[in-house]
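Notes to accompany the following structure.
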Amino acid sequence: MKNNKIALITGCTSGIGKALSVKFAQQGYNLILVAKNKDKLKELSNHLSQTFRIKSVFIVYGLEKPEAAEYVFRRVQELDLKIDVLVNNAGFNEFGSFIKTSREKEHDMMYLHMFFVTDMMKLFLPSMVDNKEGKILNIGSTGSYISCPYDAVYAATKSYILSVSKGISSELKGTGVTITTLCPGSTKTEFAAKAGMEDTLLFKLFVMSPERVADIAYKAVMKRKTIVVAGIYNKILVMSSYILPNRFVDYISKMMLGKQRQVG
Ligand SMILES: NC(=O)c1ccc[n+]([C@@H]2O[C@H](COP(=O)([O-])OP(=O)(O)OC[C@H]3O[C@@H](n4cnc5c(N)ncnc54)[C@H](OP(=O)(O)O)[C@@H]3O)[C@@H](O)[C@H]2O)c1
């Protein structure tokens, strides 16, 4: 199945981004794969182009750098390619008590989740609107809805993604361009191990596979949905956060994310 369309996917070397890359390739999309590990990118690009007979190129860059979106945009222009679907998936978590977490890593996380995602939309949206066609997928989290103890900065960046995406999405009504925000809950990827949060209750209960999450995301993008919370348990969690008193939501969050941490 060839459709000659192009999807640009960031953070595609593992987890949800990798599963999304496979999903788009299966559907015949040509790919621009973006991440920072050249060897992994090369391997994935070769694998997908051979398996699904699509065209695939890759861009290597640390997307936490302030100029990252401009770099990616310039490379896409140099390659003379037009993006049909933009997937802002790259992300990571600096997890732990706020007074102990790394300020530098939190800066990188804020740059990656907020500046980079915003800049990518700023740079790629005008031509999508001119062409009256385009789809953007941004990755939030169930943390977009809930202030998370021991994960406060991460959850705040994901709230930003949901909020900015919803706002711009509303501005785009009638243009032929849509923004979908995917809010996954705990998903079995490298994310938890990298953040040192594998032993939290959150990653022991109701963990979804990245393939299932990618499938849900792909369908939502194609249906041009504004928001999709992945999976029934995560939907219940998000709805509960609206209904239940703050004190109770905070208690549950601490139970899910805490591991008898001591502040200080
Ligand atoms: N897994 C979950 O439970 C969960 C839940 C809610 C939301 N999410 C969100 O889902 C998205 C994907 O995460 P995942 O679970 O699939 O995690 P993952 O397996 O760790 O994959 C993250 C991807 O992003 C890339 N990446 C991270 N920092 C980068 C940077 N500074 N520059 C370039 N690439 C970078 C990683 O490449 P490297 O390995 O080379 O760094 C990797 O390809 C993230 O936005 C995350 O916040 C995940």
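The sole residue among K23, K5 that is among the basic types (K, R) and more than 24 Å from V207 (Cβ to Cβ) is K5.
Would you mind stating whether A90 is assigned to a helix (DSSP H, G or I) and within 12 Å of the ligand (Cβ to nearest atom)?
Numbers: assigned to a helix (DSSP H, G or I): no; within 12 Å of the ligand (Cβ to nearest atom): yes.
Criteria not met by A90.
Restricting attention to the range 5-52, the residues being under 17 Å from P210 (Cβ atoms), within 13 Å of the ligand (Cβ to nearest atom) and part of a strand (DSSP E or B) number 4. Taking F248, is it buried (at least 21 other Cβ atoms within 10 Å of the Cβ) and either over 21 Å from D84 (Cβ atoms) or in contact (Cβ under 8 Å) with a residue 60 or more places away in the chain (or both)? The answer is no for F248.
I need the full set of residues from the range 72-82 which are more than 11 Å from the ligand (Cβ to nearest atom) and buried (at least 16 other Cβ atoms within 10 Å of the Cβ), in order please. Result: F73, R75, V76. I'm checking my understanding of the structure. Among residues of the range 36-67 that are over 14 Å from I9 (Cα atoms) and in contact (Cβ under 8 Å) with a residue 40 or more places away in the chain, which one is least open to solvent (accessible area, probe 1.4 Å)? It comes out as I54.
Cβ separations smaller than 7 Å between residues 6+ apart or across chains give the following pairs from the range 74-103 residues that are farther than 15 Å from S141 by Cα to residues that are modelled with pLDDT under 95 and open to solvent by 100 Å² or more (accessible area, probe 1.4 Å): S97/V263; I99/V263.
Considering the range 77-132 alone, what residues qualify as being hydroxyl-bearing (S, T, Y) and within 15 Å of I6 (Cα to Cα)? Don't jump to the end; show me each part of the working.
Taking the range 77-132 and keeping what is hydroxyl-bearing (S, T, Y), we get 97, 101-102, 111, 118, 127.
The one that is hydroxyl-bearing (S, T, Y) and within 15 Å of I6 (Cα to Cα): S127.
Here the range 143-167 is the region considered, the condition is being touching a strand residue (DSSP E or B) at 6+ places or on another chain (Cβ under 6 Å) and among the hydrophobic types (A, V, I, L, M, F, W, C), and the residue that is nearest to F95 (Cα to Cα) is I161.
The values are calculated or read from the model by the stated rules, or taken from the named source; none is laboratory data. Predicted, not measured: the structure shown is a model, and the values here were computed from it. Quick reminder, even Gly has a Cβ in these numbers, built from the backbone with ideal geometry, and neighbours come from all protein chains shown. Protein only, heavy atoms only, side chains kept; ligands, DNA and RNA dropped before computing areas. Shrake-Rupley method; radii C 1.70, N 1.55, O 1.52, S 1.80 Å.
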